[in-house]
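All remarks here apply to the structure that follows.
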Amino acid sequence: QAHLVESGGDLVQPGGSLRLSCVASGIIFGRYVMGWYRQIPGKQRELVAAITSGGNTTYGDSVKGRFTISRDNWKNMVVLQMNEVKPEDTAIYYCNARLFRTVKWGQGTQVTVSS
């Protein structure tokens, strides 16, 4: 059974940095497109960043130039480095694994940007 476990969510001041990690088990990690999504209560979940098995990346417009996604296929891990965070980055961040029609989600980790 697939499991995605996120960690790293925290309270951070505007302009600061945060690093989110997601460790996957129960899947052939190297085959999956891995991503981070975020959701604010009452709004749709939105793509933050995604990375293919070959390392190609996609970013949401609001985080381009500030966030960086990376993966380690040996450790079954995907990392989201968040720099220059803004209050509007406050959300629950979810790890996502996608292979064709198969989609897996983690439980989410809370990120709060506030002074």
> In sequence order, what are the phi-derived ³J(HN,Hα) couplings for the range 29-40 according to the Karplus relation 6.51 cos²θ - 1.76 cosθ + 1.60 with θ = phi - 60°, rounded to whole Hz, with x for glycine and proline?
Replying inline: 3, x, 8, 8, 6, 9, x, 10, 10, 9, 9, 9
> Can you list the lysines whose alpha carbon is less than 23 Å from that of LYS75, not counting same-chain residues fewer than 8 positions off?
Replying inline: LYS104
> Using modelled backbone amide H atoms (1.01 Å from N, in-plane), which distant-in-sequence or interchain residues come within less than 5 Å of VAL12's amide H?
Replying inline: THR112, VAL113, SER114
>> Rounded to the nearest percent, how much of the accessible area of the chain (1.4 Å probe, protein heavy atoms only) is carbon and sulfur?
In response: 48 percent
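Just to confirm, what accessible area per residue do you get for the chain at 1.4 Å probe, in whole Å²? Walk me through the intermediate numbers first.
Numbers: 6560 Å² over 115 residues.
In whole numbers, the chain has 57 Å² accessible per residue.
Report the relative contact order of the range 19-115, percent, no decimals, based on alpha-carbon pairs under 8 angstrom and at least 6 residues apart. List each step's numbers first, then the result.
On the way: 180 pairs, mean separation 29.0, N = 97.
Answer for the range 19-115 is 30 percent.
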> For the chain, modelled as a Gaussian network with Cα springs under 10 Å, which listed residue fluctuates most, GLY16, GLY35, GLY26?
Replying inline: GLY26
> Taking H as built 1.01 Å from N, whose amide H comes closer than 5 Å to the amide H of ALA49, not counting residues under 5 places away?
Replying inline: TRP36, GLY60
> R0 = 35 Å: FRET efficiency of LEU99 with LEU11, Cβ-based, nearest 0.05?
Replying inline: 0.55
>> Can you tell me the convex hull volume per residue for the range 75-115, based on C-alpha atoms, in Å³ to the nearest whole number?
In response: 102 Å³
>> Suppose each label sits 7 Å from its Cα in the direction of the beta carbon; what would the SER25-LYS43 distance come out to in nanometres?
In response: 3.3 nm
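The values are calculated or read from the model by the stated rules, or taken from the named source; none is laboratory data. No experiment lies behind these values; they were computed from the predicted model shown. Positions of Cβ are generated from backbone atoms using ideal geometry, with glycine treated the same way; all protein chains shown enter the neighbour counts. We work out accessible area using only protein heavy atoms, side chains counted, and drop any ligands, DNA or RNA first. Shrake-Rupley method; radii C 1.70, N 1.55, O 1.52, S 1.80 Å.
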